[in-house]
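> The structure under discussion is supplied below as structure tokens; questions concerning it will follow.
The values are calculated or read from the model by the stated rules, or taken from the named source; none is laboratory data. These figures come from a predicted structure and were not determined experimentally. Reconstructed Cβ throughout: ideal geometry from the backbone, glycine too, with neighbour counts over all protein chains shown. The area values use the complete protein model at the heavy-atom level, side chains included, leaving out ligands, DNA and RNA. Shrake-Rupley method; radii C 1.70, N 1.55, O 1.52, S 1.80 Å.
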Amino acid sequence: MTSTPRLAVLGSGKGSNFVAIQEAIITGKLDAQIVLVASDLPDAIILSKAAAFGLPTATLPPSPFRTKLSPEGEVALVELLQKHAVEWVILAGYMRVVKEPLLSAFPNRIINIHPSLLPAFKGLRAWEQALNARVFETGCTVHFVNRDIDAGEIIAQKRVSIALNDTPESLHARIQIAEHELYPSALAKVFREVA
Ligand code: GRF
């Protein structure tokens, strides 16, 4: 019998995808265990949500850069993940670009969720990009993380239609509902395939 996959979740925000994953674990829909929740922001809501579930939390060292950790910070993150015997790194609203040595320490083992149907609308506020492009549907994508932003191999996608009266907020809220369904099921698929 294979052992239960050990996950670290990294996030910078409100942690709703983390909660969806943890609830899928608790209800037996996802065979995995979250062994660490870490954030680059000490007051990120994801950390208090993780603590409320009784999960170990950590804050990453401060970085002089807004969009990435410092090289030393990235090394410290790898050490932290190894200390917790993490097997999979799950990004859930983590706002730093993943660099070396993290990429090499977890080859094909870092997964992200992005609020668009990649390869459309990479980057920030993808739901707003979709609205501005006047397309009729968008969605969310779970994908492996590589050195190129929002460009790793796609694992699963879910479509969300855009209504004529959608605002950025209403559309993002509907995409998030789709994300909460997609992320746990996409992880389950990945873990089944490597088992
Ligand atoms: C999600 O929309 C996700 O697609 C993007 O960041 C947001 C995180 O939301 N990468 P939450 O912190 O999980 O609520």
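> Could you name the lysines in cross-link range of K49, using Cα to Cα under 24 Å and dropping any fewer than eight places away on the same chain?
Leaving aside lysines fewer than 8 places away in the same chain, those within reach of K49 are K14, K29, K68, K83.
> Given labels modelled 7 Å from the Cα in the Cβ direction, how far is it in nm from A195 to K99?
So the two model labels end up 3.8 nm from each other.
> For the chain, set up a Gaussian network in which alpha carbons nearer than 10 Å are linked by springs, and say which option among V86, V78, V135 fluctuates the most.
Ranking V86, V78, V135 by mean-square fluctuation puts V135 first.
> Accessible area of the chain with a 1.4 Å probe: how many percent of it is carbon plus sulfur?
About 56 percent, which is the carbon plus sulfur part of the accessible surface.
> Moving on. Counting DSSP beta bridges in the chain, what percent are antiparallel, to the nearest 5?
Here the share of antiparallel DSSP bridges comes out near 40 percent.
> Applying 1/(1 + (r/R0)^6) with R0 = 35 Å to the Cβ-Cβ distance of F136 and T67, what FRET efficiency is obtained, to the nearest 0.05?
After rounding to 0.05, the efficiency reads 0.65.
> Are there any helices in the chain, counted as whole DSSP H runs, that stretch 27 Å or more along their axis by Cα and score at least 0.5 on average by Kyte-Doolittle, and if so which?
Length and hydropathy pass: none found.
> Which cross-chain or sequence-distant (5 or more) residues have an amide H under 5 Å from the amide H of Y94, H modelled 1.01 Å from N in plane?
Hits under the 5 Å cutoff: S12.
> Oh, and also: So which trypsin sites (Lys or Arg not before Pro) in segment 45-139 pass both tests, a DSSP loop state and at most 12 other Cβ atoms within 10 Å of the Cβ?
R66, R134
> What Kirkwood hydrodynamic radius, in Å, does segment 92-195 give when the mean of 1/r is taken over all pairs of distinct Cα atoms and then inverted?
Across segment 92-195, the inverse of the average 1/r is 14.2 Å.
> Would you calculate the convex hull of the Cα atoms in segment 1-157 and tell me its volume per residue in Å³?
Expressed per residue, the convex hull around the Cα atoms of segment 1-157 is 123 Å³.
> Under a 1.4 Å probe, what is the accessible area of the chain per residue, stated in Å²?
On a per-residue basis, the chain sits at 50 Å².
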